[in-house]
Amino acid sequence: MSTARTYEVTIGLFVEYLRDPRYEWITTCLERFGDVPQEVRHSYITHLTEFGYPARFVQEQVGHSHAATTAIYMGVSNEYRNRMLEASLKSRLGEDWE
């Protein structure tokens with residue numbers, strides 16, 4: 001399965017969950033708040049990022065024109081930051097990293 005197809009399937013499953021009438025999630029949010037809470041957007045952006053989706057893909061998913069706007073909503077974990085730092089150092093230093 002291609003990467004683009006994998007993204008499409010993942011997003012499709014997420015949207016199906018949100019729209020599933022058994023959970024009435026969107027209906028409840030719309031009734032109580034008039035919109036889907038921002039916390040869901042924050043979590044969605046963070047999870048896509050931590051699961052390795054490309055930044056441009058994440059940006060397009062939430063409809064932002066600028067990557068800086070998407071970054072505001074992102075709250076990645078310390079574990080993720082450490083993994084990214086380690087990967088960067090390994091790629092830069094190669095065998096010297098060990």
query: GLU24 to ALA67: extension gain in nm, 0.36 nm per residue of separation minus the Cα-Cα distance?
result: 12.3 nm
- request: Any chance you could run the full-extension gain for SER88 through GLU60? It's 0.36 nm times the residue separation minus the Cα-Cα distance, nm to one decimal.
  value: 7.6 nm
statement: Mean Cβ-within-10 Å packing, highest first, puts peptides 42-48, 88-94 in the order 42-48, 88-94
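The numbers here are math on the coordinates, done by the rules we state, and not lab data. This one's a predicted model, so the numbers in the text were calculated from it and none came from an experiment. Every residue, glycine as well, gets a Cβ built from its backbone with ideal geometry; the counts of neighbours run over all protein chains shown.
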